[in-house]
Amino acid sequence: MLAELNELLGAAPERPDAGKFTLLRDTRTDGSFLVHHFLSFYLRAGCKVCFVALLQSFSHYNIVAQKLGVNLAAAKEQGQLVFLEGLQSCLDLLFGEEEQPGQPNPLQFVSRSTPELRALFDFVRVSLSAADSWKGPVLLVDDLSVLLSLGAAPVAVLDFIHYCRVYVCCQLKGNVVVLVHSNEDSEDEENELVVNSLCHHSDLILWAEGLATGFCKDVHGQIKIIKRLSLRQAAEQDLVQTYQYKIQDRNVSFFAPGLSAAVL
Amino acid sequence: MGVIKLGQETSLHFILPELPAPLLNDSHGKELGDEAAAVKSEDFQDSMKIAWRYQNLPKMEVSPTTHTKFGHYYDISKKMSPELCQSVKLHSFYLHEELPFEPKMKTWNMNSGYARLLQSIQRIISQEGFDGSDPQQKQRNVLRIGIQSLGSVLWGDDVCCSDTPEDPHSLTKFLYVLRGLLRKSLSACIITMPAHLIQNKAIMERVANLSDMVVGLESFIGSERETNPLYKDYHGLVHVHQIPRLNSLICDVSDTKDLAFRLKRKQFTIERLHLPPDLSDTVSRASKQDLAGSAKLLSSGCGAMAIGKKHLDF
């Protein structure tokens with residue numbers, strides 16, 4: 001996990017949150033370092049994690065997690081991590097044997113003409129429902145925008161997230177972390193609809209953006225941390241903090257805008 | 001082993017004799033920038049996909065040489081020797097020659113051309129052992145796949161003809177399944193897409209998100225830049241939109257993003273875009289493309305307008 005990010009968020013693995021919906025958003029850059037952070041953070045915290053990884057393979061996350069101090073393979077073996085490799089599931093769906101009745105493929109909507117995400121939700125529900133010794137359950141999704149590319153309607157995606165939120169955050173007092181892509185001037189209206197809707201329902205938004213001035217070697221981007229205090233209490237205003245960051249091999253350093261080490 | 005997958009209108013018989021001869025000695029080792037190496041490098045054992053707008057020069061596996069820039073330099077005034085072509089196992093896919101749908105394919109809910117191409121790729125991967133299913137195979141090779149004009153009408157897709165295609169998800173589903181096949185085998189894939197024909201920009205955004213690497217070639221032919229004196233040494237620009245970030249937090253980002261390409265008599269090269277120093281009174285911190293625009297106006301006699309473009313009014 002990224003120690004500096006924990007400080008900025010006021011988070012610690014000894015006391016993970018409960019019932020929180022965190023939205024990870026990236027624009028003009030790759031926000032996947034945030035996914036790696038939360039994955040290793042919640043595993044370190046002793047939570048049971050269901051990771052719906054739609055775009056990369058298991059070994060990709062495993063190699064990065066080792067640099068952040070967590071062993072995904074061991075966590076999977078011990079039952080702490082339930083890993084859904086979307087790419088493999090899709091291959092199984094299209095090239096594999098006939099589906100077993102007791103084990104529906106979570107991505108079966110890809111080959112159906114009325115795509116709805118019930119099977120995916122059932123997978124999440126079954127993964128996190130087992131009563132075991134781990135702390136509060138966590139659902140992590142990377143990344144939600146892929147579901148639209150696979151044929152799911154925006155409403156179906158929002159329904160899926162809603163069900164997950166009710167089940168994980170409200171019933172189980174766990175946490176949900178979801179990554180979406182967005183672009184300014186994007187013509188992908190379906191994606192923008194999903195992103196805007198999720199923003200309204202999030203407790204915490206981490207928004208990684210590429211610099212407006214273009215690529216820079218020492219500052220890889222800017223992150224906005226938005227604490228949605230207005231969601232819980234009517235008169236409160238959201239708290240917005242902005243930092244810049246630089247990604248290194250095993251760490252990401254954060255600093256106030258304009259105060260990169262290269263400049264000082 | 002190498003594999004070439006083709007679009008519909010060409011077959012191996014037409015493309016193979018046109019391949020340029022690789023350069024195997026050091027005398028042509030011109031120093032390209034790191035970004036060019038990142039653009040052309042396909043040496044990852046992990047799977048990679050690259051989307052180009054033009055046809056790329058494919059690489060062939062030959063007997064090992066000590067040339068460190070192997071695969072980067074070709075002499076386009078000479079053709080590749082037939083012996084070299086024949087020493088490599090090639091497969092091709094020509095949509096009209098393929099067998100009709102297998103019954104199971106019908107439930108894929110995807111354009112049939114794409115579905116059959118996926119089935120063909122999967123069959124070759126498993127039959128030739130690129131998925132690691134044959135531990136006896138002593139020489140581990142990478143399967144190289146090239147797909148031409150994906151998304152065009154020749155694949156049975158109308159995404160190039162209409163703003164609201166009949167099945168907007170077939171193309172992205174195809175890319176997702178292809179990504180899965182590549183991740184699970186020793187293979188790499190290069191795809192060209194006629195992006196200028198695809199009117200639905202939402203689809204292009206999704207295609208980019210599903211790719212590891214996205215590179216665009218912009219030719220000056222037919223555009224106003226062709227006559228711009230600042231671009232006279234080049235034939236077009238190279239845009240690196242996205243580079244892969246695999247198995248690591250960091251990615252191999254280069255210092256410069258301004259690249260141009262040049263097609264000389266013997267070589268196709270990609271270089272850092274160099275503009276001559278601007279010695280006029282209007283020098284300022286404008287971007288290179290603004291500079292090019294102003295220079296063009298200056299040369300056509302509109303001095304006042306050129307200054308105005310720089311947002312400086314003296």
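Coordinate-derived values only; no laboratory data. All of these numbers come straight from a predicted model, not from anything done at the bench. FYI the Cβ positions are ideal-geometry reconstructions off the backbone, even for glycines, and counts take in every protein chain you see.
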Among B:179-189, A:206-216, the order from most to least packed when residues are scored by Cβ within 10 Å on average
B:179-189, A:206-216
So, over other residues within a Cβ distance under 14 Å of A:Ser230, counting Lys, Arg +1 and Asp, Glu -1, the net charge is 0
Over region A:82-203, what portion of Cα pair distances is larger than 17 Å, expressed as a whole percent?
59
Signed unit charges on C-beta, dipole axis of region B:212-276, positive-most listed residue B:Ser248, B:Tyr231, B:Val214
B:Tyr231
Write down Rg/Rh for region A:158-204, rounded to two decimals, with Rg from the C-alpha atoms and Rh from the Kirkwood relation over Cα pairs.
1.03
Quick one: among A:Gln66, A:Gln244, A:Gln78, which has the greatest mean-square fluctuation in a GNM of chain A with alpha-carbon springs under 10 angstrom?
A:Gln78
With unit charges on the beta carbon (Lys/Arg positive, Asp/Glu negative), name the residue among A:Gln80, A:Leu107, A:Val219 whose Cα is farthest towards the positive pole of the charge dipole of chain A.
A:Gln80
A:Tyr243, B:Tyr234 arranged by Cβ crowding within 10 Å, fewest neighbours leading:
A:Tyr243, B:Tyr234
For B:Met80, other-chain or 5+-apart residues with amide H closer than 5 Å (H placed, Pro excluded) are B:Leu19, B:Ala21
Size-normalised alpha-carbon gyration radius of region A:188-264, reference 2.2 N^0.38 Å
1.32
Restricting to Cα atoms and excluding each atom paired with itself, what does the Kirkwood estimate give for chain A in Å?
19.2
On the principal axes of its Cα set, how long, how wide and how thick is region B:212-276? Give whole Å, largest value first.
43, 24, 23
If I stretch the segment between A:His200 and A:Lys173 completely, what's the gain in nm (0.36 nm per residue apart, minus their alpha carbon distance), one decimal?
7.7 nm
Only Lys, Arg (+1) and Asp, Glu (-1) charged, at Cβ; chain A dipole about Cα centre in debye:
1000
How long are the three semi-axes of the equivalent ellipsoid for region A:41-90, computed from the Cα gyration tensor as the root of 5 times each eigenvalue, in whole Å, largest first?
18, 13, 9
Summing Lys, Arg as +1 and Asp, Glu as -1, what charge do residues with Cβ under 11 Å from the Cβ of A:Gln80 carry, A:Gln80 excluded?
+2
Spelling out what I want: for every residue of region A:19-33, take phi, set θ = phi - 60°, compute 6.51 cos²θ - 1.76 cosθ + 1.60 (Karplus), and round to whole Hz; glycine and proline get x.
x, 10, 10, 10, 10, 9, 10, 10, 9, 6, 7, 9, x, 5, 4
For A:Gly69, net neighbour charge (Lys/Arg +1, Asp/Glu -1) across residues whose Cβ lies under 11 Å away:
+3
10 Å Cβ neighbours from other chains, averaged over peptide A:179-188:
3
Starting with the fewest neighbours, write out A:Glu98, A:Glu77, A:Glu116 ranked by other beta-carbon atoms found within 10 Å of each beta-carbon.
A:Glu98, A:Glu77, A:Glu116
For B:Leu95, A:Leu43, ascending order of other Cβ atoms within 10 Å (fewest first) is B:Leu95, A:Leu43
Provide the three semi-axes, in whole Å and in decreasing order, of the ellipsoid equivalent to region B:152-244 as defined by the square roots of 5 times the Cα gyration tensor eigenvalues.
28, 19, 10
Pairs of Lys in region A:142-264 closer than 24 Å at Cα, counting only those 8 or more apart or on different chains
4
Simple Cβ-charge dipole of region B:212-276, Lys/Arg +1 and Asp/Glu -1, about Cα centre, in debye nearest 20
300
Would you compute, for the Cα atoms of region A:1-125, the largest minus smallest coordinate along each principal axis and list the three values in descending order, in whole Å?
48, 35, 28
Give me the inter-chain shielding for B:241-248: mean count of other chain Cβ atoms within 10 Å, whole number please.
4
Exercise: per-residue mean of other protein chain Cβ atoms within 10 Å, A:146-153:
5
